[in-house]
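Since the structure comes first, as structure tokens, the remarks are kept for the end.
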Amino acid sequence: QVQLVESGGGLVQAGDSLRLSCAPSGRTEGNYNMGWFRQAPGNEHEFVAMIGWSGGVRYNEDIVKGRFTISRGNAKNTVYLQMNSLKPEDTAVYYCAASIWQTIKRDEYRFWGQGTQVTVSS
């Protein structure tokens, strides 16, 4: 079982930036497509961004609107989400996940982290 750990969340003001990190814990094998999702209390679980193991990216433009960038680190299956121009509506728990498929569908991701809280004040 691949274990994922998110970090980098926090409390910021509107217009600020955060860089979320996701890293596997323990040994991992193979290459995964990595995704970021988010969920605010009482709201639906939303797809945010995905990066394929070969580097292709996909964003939920309804959320990202040109503000976020997903990227891979040098360490195997590590992934980042650079979030700029944050808005109060970005407030949510952000989760990273790993899939063997290039997908934006939540149910097709095999492994999940515990989430990191992002709070954006106005």
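The values are calculated or read from the model by the stated rules, or taken from the named source; none is laboratory data. Note that the structure is a prediction, hence the values are computed from the model and not measured. A quick note on method: Cβ atoms are made from the backbone with ideal geometry, for glycine too, and the neighbour counts reach across all protein chains shown. The protein model used for the area step is the full one, side chains on, heavy atoms only, and it has no ligands, DNA or RNA in it. Shrake-Rupley method; radii C 1.70, N 1.55, O 1.52, S 1.80 Å.
Among the conditions (1) over 15 Å from the mean Cα position of the chain (by Cα); (2) on the phi > 0 side of the Ramachandran plot, the only one that residue 11 does not satisfy is (2). Taken over the range 40-70, the residue count meeting the criterion of being of a type outside the set (Val, Ile, Thr) and either exposed (fewer than 15 other Cβ atoms within 10 Å of the Cβ) or modelled with pLDDT under 95 (or both) is 15.
The single condition among (1) farther than 24 Å from residue 12 by Cα; (2) out of contact with any helix residue (DSSP H, G or I) (no Cβ under 8 Å at 6 or more places or on another chain) that residue 101 does not meet is (2). Considering only the range 28-39, I want to know if a residue exists there that is open to solvent by 70 Å² or more (accessible area, probe 1.4 Å) and either at pLDDT below 95 or more than 21 Å from residue 121 (Cα to Cα) (or both). Yes - at least one qualifying residue is present in the range 28-39.
Among the residues of the range 39-58, are any assigned to a strand (DSSP E or B) and hydroxyl-bearing (Ser, Thr, Tyr)? No, there is no match, as no residue in the range 39-58 is assigned to a strand (DSSP E or B) and hydroxyl-bearing (Ser, Thr, Tyr). For the range 68-84, the criterion of a residue being of a type in the set (Lys, Arg) and touching a helix residue (DSSP H, G or I) at 6+ places or on another chain (Cβ under 9 Å) is satisfied by no position. From the list 81, 86, 20, the one residue that fits, being open to solvent by less than 40 Å² (accessible area, probe 1.4 Å), in contact (Cβ under 8 Å) with a residue 60 or more places away in the chain, in a loop (DSSP other than H, G, I, E, B) and closer than 30 Å to residue 122 by Cα, is 86. Residue-level check: of (1) within 14 Å of residue 80 (Cα to Cα); (2) touching a Gly at 6+ places or on another chain (Cβ under 9 Å); (3) not in a loop (DSSP other than H, G, I, E, B), residue 36 misses just (2). I'm trying to understand the selection: among the residues of the range 98-111, which are modelled with pLDDT of 95 or more and part of a strand (DSSP E or B)? Answer for the range 98-111, where residues must be modelled with pLDDT of 95 or more and part of a strand (DSSP E or B): there is none.
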